[in-house]
């Protein structure tokens with residue numbers, strides 16, 4: 001059995017699903033990524049992101065088709081220059097009960113790092129993911145210094161997943177770890193090729209569109225649950 005067929009069988013069992021509505025701004029993606037770890041998603045995280053969006057007059061912060069980012073990161077930083085001001089519209093949760101920092105502070109640190117690397121909106125984030133791995137790895141490493149990253153860089157992996165284009169795959173540690181049980185030693189470049197080919201095969205096999213993002217996301221969710 002070929003690698004693509006073997007991986008395709010495993011992914012098909014995960015029942016990959018299409019992306020629904022998504023956050024329309026990189027600012028919302030950062031908020032979601034930072035707050036989602038060990039937090040109730042629909043009762044805490046989503047209302048929190050919606051409150052910040054409402055502060056910018058955005059009453060519909062999700063979309064199915066991405067357009068111009070309504071709240072680029074420089075706008076977020078201008079409105080919330082410090083953790084205290086952002087905490088007023090979010091909450092005072094820490095990244096960790098031991099030695100953690102305010103999640104509002106983690107959001108602002110993420111935003112500053114991304115802006116320093118000229119990643120200010122969703123379009124720029126998607127260009128980053130589609131570009132050379134070297135630049136992405138450099139930015140990813142900078143983000144890893146912000147407390148509260150989670151095991152295996154789960155917070156960063158989730159951020160890139162939120163930002164990603166449905167036709168692109170940027171295999172993080174979670175995805176590579178899952179793949180390594182089927183193909184030991186698989187690297188990011190090979191993983192990207194395999195998952196793109198798996199998406200094409202499953203599209204034919206299942207008789208419905210299966211995008212690389214759907215494959216990546218299904219694997220990520222499965223590995224996170226382990």
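Values quoted throughout were computed directly from the atomic coordinates according to the rules given, and no laboratory measurement underlies them. No experiment lies behind these values; they were computed from the predicted model shown. Don't worry about glycine lacking a Cβ; one is built from the backbone with ideal geometry, like all the others, and counts go over all protein chains shown.
Dividing the helix sum by the residues of the chain, where each DSSP H run of 4 or more adds -39500 (n - 2.57), gives a mean residue ellipticity at 222 nm of -17500 deg cm²/dmol.
The relative contact order of the chain comes to 26 percent, based on Cα pairs under 8 Å that sit 6 or more residues apart. With neighbours defined as other Cβ atoms within 10 Å of a residue's Cβ, the residues 60, 170 order from fewest to most as 60, 170.
Compute the acute angle (0 to 90°) between the alpha-carbon long axis of helix 46-55 and the principal axis of greatest extent of the alpha-carbon atoms of the chain; round to the nearest 10°. Roughly 50 degrees between the two axes. Our note on the geometry: Cα centres of the stretch 207-226 and the stretch 32-100, 25 Å apart. By other beta-carbon atoms within 10 Å, ranking 142, 36, 104 with the fewest at the front produces 142, 36, 104. Compared with the dominant principal axis of the Cα atoms in the chain, helix 26-36 is inclined by about 80°. The distance between label points at residue 204 and residue 116 comes to 4.7 nm (points 7 Å beyond Cα on the Cα→Cβ vector). Between residue 3 and residue 145, full extension at 0.36 nm per residue minus the direct alpha carbon distance yields a gain of 47.6 nm.
Return 180, 27 ranked ascending by Cβ neighbour count within 10 Å, so the fewest neighbours appear first.
So the ranking, lowest neighbour count to highest, is 180, 27.
Set against the labelled values (i) 20.8; (ii) 18.1; (iii) 26.2, Kirkwood radius over Cα pairs in Å computed from this structure falls on (ii). Over all alpha-carbon pairs in the stretch 133-185, figure out the percentage whose distance exceeds 19 Å. When all Cα pairs of the stretch 133-185 are counted, 30 percent exceed 19 Å.
Axis angle, to the nearest 10 degrees, between helix 212-225 and the longest C-alpha principal axis of the chain: 80 degrees.
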